[in-house]
Amino acid sequence: MTREPRIPGLRRVFRLGATRAVERDVDDEIRFHLESRVEALLAAGHAPAAARAIAEREFGDVAAARGELADVDRRLRARQARAGWLEALAHDVRHALRGLRRQPLYALAALVTLAVGIGATTAVFSVVRGVLLRPLPYPEADRVVRVASVHAGEQIAVSPPDFVDWRARGRSFAGLAASYESTVSLTGAGQPERFLQARVTADLFDVLGVRPLLGRTFVAGEDEPGAPQVAVLGERLWRTRFGADSGILGRVLVLDDVPTTVVGVVPAAVRYPSAVDLWLPARLAPDDLAPSSRGARWLTVVGRLAPGATLAGARAEMHAVARQLAAEDPKHDAGWDAAVVPLREQLVGDVRTPLLVLLGAVGFVLLIAAANVASLSLARATARRAELAVRVALGAGRGRLVRQLVTESLCLAALGALGGVGLALLGTRLLVRLAPPGLPRLPDVRVDAGVLVFAAVVALATGVAVGLATALQAGAADPSARLREGGRGAAGQAAHLRWRGGLVVTEIALAIVLLVGAGLLLRSFGRLTDVDPGFRPEGVATFSVTLSARYDTPERQRLFAAALLERVRALPGVDAAGSSFNLPFTDASFRLTFTIDDRPLADGAEEPRAQFRMVSPGYFAAMGIPLRRGRAFTDADRDGAPYVVVLSEETARRFFPGEDPIGRRIETGWSDGGAELGGVVVGVVGDVRQFGLADDLTPHVYVPYAQWPIDELTVVAHTRGDPARLVAEARDVVQALDPALPVYDATTLPRLLGASLGAQRFYLALLAIFAGVAVVLAAVGIYGLVAYGVAARAREIGVRVALGATPGGVVRLLVRQGLRLAAVGIVAGLAGAATLARLLRGLLFEVGTADPATYAAVAAAVAALVVAATWLPARRAARIDPTEALREG
């Protein structure tokens, strides 16, 4: 007959027999009673052997109890074998969850840490997946390429004559299509509104492989001059403006006063050449195709590789075509080449490196979070040393312990992943909202099944890594030694301190890498904001108007522009106003070649090139662009007067070195209705950063709007009052002149200047946030390490104090130990930061990748943080009562 144990809890358990209660409670009861009793006896001063003997006597017949427990274990194993591995896993999960409930502070700290790490990583991965990894929405998208002109290593737009020659001579393409973007006013269907349009050759949708939602796309001949005007709508415009009306096909819309028939609707996923609202045929005029226009490059060209053609073959062919054109027309094409690039690569080329750097940075945050959780788990495992020893003593193998500890960490990781996915949903929306406008493929960024699989894999890898690290330490010592130590053995605690110290060093090193990256971007951003844009943005408002087909003659365009500027100048507070063809930082390019005084070019020399802008009198004053030499435009520079131009300083330096350009004549060869684009130089104005503060200075040639009127006007007005109020008043001014003309791009120059820094600000903010989170986690990690070390070394510290150590000496001792760990982490982190800095080279402005000020500041800041994180527990250690420490040790 089996003798029942004398411990009440075990007696109750044995009466239940081989039931689930045994499975749930046997280990817990044995651990609780045996560990508690042995620890109490040791604390009372008994030797380890005596304490064990007393505990065995109170336990009863240990051999018999173990025999019965072994019998119970065999029955449980048999039942588990029948039930399968799922029941065993369920048991481990239940045990893990009970353990987490018993230690809510540990569970909360670990869950929050993991949720932040997994959530941030998943959110950034969703952006990387949407922008870089998701395939383009076209059939065989890998065969769709961008073909561009290349000059001095820079890819730029294509001139219409070059495009026609490429199409005729290229054999590697199933088709080549061209496009350019502009805006168009929709009237007669509600409130007048301005939309972004793409003018495209008729075969564009065939080249892309787009199939319409409704109707058809363009057919051959619809892009010829004189053909009836037709349009293809984007799905977003069709749904928002026309309520997804299926009867939209055949409907006539009034676009810029031109009746236009809707022939089709394409899916919202089609966003070429950008996220335009509608597509119209591009009708190239004879002047556009004339040989003199070969230097005017403004078309975007896309192609589809022919069956059997390769990307390398297409590149070789286009290089050969470019050489042929350069030989045929050296005046315009000498020194020019052609590039063939996969369309997806071209779309994301500028953001690939920054996004991958951000993904790596947030991966560092995840590693730090995992190290922190591993450190917490090691501390928890130390407190459970007696429990784990009892399990081993009762027959649990190392594999069984590893499985249980890994299961516990996987439960933590799974719960952290749930919270992380919630944070990722919020974080992804926030990233999309804060992303700079130039970030491509933003509509493709979302948390989908692929992102959720990524989050699950990250959680699984984190859980397994943390569990294995904990199990490796938890199973390292002999179980009998653990029982003798009672969970507070000096040797075991020293090993745990070494492991946790290694984790903290890793956290510090990773935090250093992120801090250096953020510091370099911060210094670069500061240098960038100090760059003079070449104009005075304060107090300047701006808005744009595109004239409709009613203004079809230069005279009508002049009259409207003059009337508009007159009314704007009459607004209260306005002291200067003018107009231009687009503004700085708007990516609008109108670059032309020109000749100087009809002088011949030297053999092999290229024609000068510059950005041309049509501006009115008052533009330079309103923008605050200084006059350096000669004069600015006046009202006398009108139609019929001698043609004049104003140069920027960069134009004068580059093309008139060591001489005065005033009085020299430049010609482009362009004419329109008898008006010539060019003239005599009458002045030189300051340089303007046209395409960004970080870009090189661009040569500019300004011509009077009255001598070369166009249908696009961007008005700028300097006011002594609030420019935002002037922006609101601009709509009333335009509506009073022509109610059918919508105002668009209404803003202030400070906002425009700020938007130009959006990409740099976005990357800086994200990297700074990740670095901040990393530093906080590292500080928490080192604080926890020192606090745990103080608790583990309470007896040693008590002895030191009893022998005369001062509180200040104890504090200095512990702070020095923390700084030694920090020094190792700082050195390793600075070495890693040098690698990251090389990846950031393309994002830096006037800051070297080995900037000593940044590295020194980061190292000093982290050292100060370590001192603060170690000082608090060290100060508490200095107040330890030696009598209590010796009694409890």
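The values are calculated or read from the model by the stated rules, or taken from the named source; none is laboratory data. As the structure is a computational prediction, the values presented were derived from the model and not from experiment. All Cβ positions, glycine included, derive from the backbone under ideal geometry; neighbour counts span all protein chains shown. Note: accessible area is taken over every heavy atom of the protein model, side chains too, but ligands, DNA and RNA are not part of it. Shrake-Rupley method; radii C 1.70, N 1.55, O 1.52, S 1.80 Å.
For segment 163-301, with all protein chains present and a 1.4 Å probe, just round the carbon and sulfur fraction of the accessible area to a whole percent. Display every interim value, and only then the final one.
Numbers: 2940 of 5460 Å².
The C+S portion of the solvent-accessible surface of segment 163-301 is 54 percent.
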Alpha-carbon centroid distance for the pair segment 692-717 / segment 333-382, whole angstrom
38 Å
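Can you tell me the accessible area per residue over segment 607-723, all protein chains present, probe 1.4 angstrom, in square angstrom? Show your work: numbers first, answer last.
Working: 4330 Å² over 117 residues.
Ligands and nucleic acids excluded, the result is 37 Å² per residue.
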Would you mind computing Rg(Cα) / (2.2 N^0.38 Å) for segment 102-166, counting N as its residues?
2.22
Just add up the charged neighbours of residue 443: K/R +1, D/E -1, any other residue whose Cβ is under 10 Å from the Cβ of residue 443.
+3
Size of charge dipole - segment 102-190 - debye, nearest 20, with Cβ of Lys, Arg +1 and Asp, Glu -1, no other charges
360 debye
Keeping all protein chains in place and using 1.4 angstrom, which order do 672, 277 fall into by accessible surface area, from largest down?
672, 277
Mind checking which of 534, 562, 596 is farthest towards the positive end of segment 532-608's charge dipole, using Cβ charges of +1 (Lys, Arg) and -1 (Asp, Glu) about the Cα centre?
562
Heavy atoms of the protein only, probe of 1.4 Å, neighbouring chains included. What is the accessible area of residue 293 in Å², nearest 10?
0 Å²
If every Lys and Arg gets +1 and every Asp and Glu gets -1 at its Cβ, then about the Cα centre segment 584-724 yields a dipole, in debye to the nearest 20, of 460 debye
What does the charge count near residue 155 come to, summing +1 for each Lys or Arg and -1 for each Asp or Glu among other residues with Cβ under 10 Å from its Cβ?
-1
Sorting 98, 523, 838 by accessible area (1.4 Å probe), largest first, what list results?
838, 523, 98
With every protein chain left in place, what is the accessible area of residue 512 in Å² (1.4 Å probe, nearest 10)?
0 Å²
Could you rank the peptides 165-173, 765-773 by their average count of other C-beta atoms within 10 Å per residue, with the highest value first?
765-773, 165-173
Sulfur and carbon atoms: percent of accessible area, segment 620-707 [1.4 Å]
48 percent
So, taking all protein chains as they sit and a 1.4 Å probe, how much accessible area belongs to residue 319, in Å² rounded to tens?
70 Å²
Keeping the other protein chains in place, figure out the carbon and sulfur percent of the accessible area of segment 558-609, with a 1.4 Å probe.
51 percent
Under 5 Å between amide hydrogens, which residues at least 5 positions from residue 629 or on another chain qualify, with H placed 1.01 Å from N in the peptide plane?
684
When every protein chain stays in place and a 1.4 Å probe is rolled, 279, 871, 670 sorted by accessible area with the largest first are 871, 670, 279
Residues with amide H under 5 Å of residue 644's amide H, sequence separation 5 or more or different chain, H placed in the peptide plane at 1.01 Å from N; which?
680
